[in-house]
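Everything below concerns the one structure shown next.
Bear in mind these aren't lab numbers, they're just calculated from the coordinates by the rules spelled out. Remember, predicted model here, so these are calculated numbers, not experimental data. As a convention, Cβ positions derive from the backbone with ideal geometry for all residues, glycine included, and neighbour counts pool all protein chains shown.
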Amino acid sequence: MLQPDADPDVARAVAVVTGPDVGHALALAADLTATAPLPGSGRTLARWDLLARLAAADLTTARVVEAHLDAVAILAEAHAAGVETPAAAPGTTWGVFAAEGPGVRLDAHETPSGWQVTGDKPWCSLAGRLTHALVTAHDGDERRLLAVDLHAPGVTVHEGTWHARGLTDVPSGPVTFDAVPAEPVGDPGWYLRRAGFAHGGIGVAAAWFGGAVGVARALWRAAERRPPDQVALMHLGDADLDLHAAATVMRAAAADVDAGRADGDAGIVLALRARSAVVRAAEAVLHRVAHGLGPAPLALDDAHARRVADLTVYLRQHHAERDSAALGRALLDAGSPPW
């Protein structure tokens, strides 16, 4: 995986993952709150290795754990910056709801009794199962981050809108907030300006990478069952090249994060490169495995079919060609060619 040998704590966490069980994943996420390394702590690669190994075992579990640990890292980053923040208390589970969508808007208002959020927020993963979330809301012309208790009065989770065939147990539907108490985390704009915004984005790519490894292992199992012909060997070799290249990018990115070379504009470029490199590798693996194995595992192997569907949906968090365009713009804005 991203590290040659899993940390013993990571190995224990992965060993108990047996399939898509959201309740177990939430419990695991809560248990990892105090032990998972933070980005930039000198053990960024160990953090990403944890996410990758969980994803190789089960993408539902990794999806739940990654979002919770991202919220925990954001709170830790705010605290380190001297910002008064709520704590991720033992047993609580967190999400990060930062997506925007056409025709919906969440606003933050300061009232005599404190801050409140009102409006609609799209793409709120597991809002009906989590205890808390960090949400972005409009505050004038900027967006600010706030912590909310998802069990508070005024929170309405809209069930029945998630029709995905992948990550079926992680519904990401809309939530309506009606004057829900909220606690600001940082000043307006802090969420997007902070160094950890890029670091968290690369963490998602670690889960994508692990999901691709899980899919690619189907090629290995097929080669073990019967002697592979030249075409099967080609698919196996090409999948290895794809994954090795992505892992090399992720390891270099972890080193840059820990060395402080991934802040500001440099962090934006690094995140766009790493995420896109992993997505290209994962999409190539999906293609190679489909061509190498044909329809049988998609039709007859429940675990493999689910893993392919889960990864296909999860990868669409990447913005595809728009992220490539954003990278091109960032490179031009830097003013000199990078190669």
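Applying 0.36 nm per residue to the separation of Thr18 and Asp240 and subtracting their alpha-carbon distance, the gain on full extension is 77.4 nm.
Assuming charge only on the beta carbon of Lys and Arg (+1) and of Asp and Glu (-1), the dipole of region 140-220 about its Cα centre is about 460 debye to the nearest 20. Using only the C-alpha atoms, the convex hull of region 205-339 corresponds to 115 Å³ per residue.
Which of the three applies to region 56-128, rounded, prolate or oblate, going by the alpha-carbon gyration tensor with a ≥ b ≥ c and a/c under 1.5 meaning rounded?
On the way: a/c = 2.25, a/b = 1.21, b/c = 1.86.
Oblate is the answer for region 56-128, as a/c is 1.5 or above yet b/c matches or exceeds a/b.
Charged side chains reduced to their Cβ positions (Lys and Arg at +1, Asp and Glu at -1) give region 94-187 a dipole of some 380 debye around its Cα centre. At full extension, Arg193 and Arg316 could sit 41.9 nm farther apart than now, given 0.36 nm per residue minus the alpha carbon distance.
When +1 charges are put on Lys and Arg Cβ atoms and -1 charges on Asp and Glu Cβ atoms, the dipole computed for the chain relative to its Cα centre reaches about 860 debye. For the chain, relative contact order (Cα pairs under 8 Å, six or more residues apart, normalised by length) works out to 18 percent.
Evaluating 6.51 cos²θ - 1.76 cosθ + 1.60 at θ = phi - 60° for every residue in region 323-332, the Karplus couplings come out as 6, 5, 5, 5, 5, x, 5, 5, 5, 5 Hz, glycine and proline recorded as x. Putting +1 on Lys and Arg Cβ atoms and -1 on Asp and Glu Cβ atoms, find which of His24, Pro37, Pro8 reaches farthest to the positive end of the dipole of region 8-80. Checking the options against the dipole of region 8-80, the answer is Pro8.
From the coordinates of this entry, Rg and Dmax of the Cα atoms in Å is computed, and it appears in [x] 19.5, 60; [y] 23.7, 74; [z] 20.2, 73 under the label [z]. With contributions of -39500 (n - 2.57) from each DSSP H run of at least four residues, the per-residue ellipticity at 222 nm computed over the chain stands at -17500 deg cm²/dmol. Sorting Thr156, Thr85 from the fewest to the most surrounding beta carbons within 10 angstrom yields Thr156, Thr85. Of the DSSP beta bridges with both residues in the chain, give the percent that are antiparallel, rounding to the nearest 5. Once the DSSP bridges in the chain are tallied, antiparallel ones form about 85 percent.
Report the full-extension gain for the segment Ala303 to Glu224: residue separation times 0.36 nm, less the Cα-Cα distance, to one decimal in nm.
Working: separation 79, 0.36 × 79 = 28.44 nm, distance 1.79 nm.
Fully extending the segment from Ala303 to Glu224 adds 26.6 nm.
With unit charges on the beta carbons (Lys and Arg positive, Asp and Glu negative) and the dipole taken about the Cα centre of the chain, which residue among Val157, Ala78, Gly173 sits farthest to the positive side? It is Gly173.
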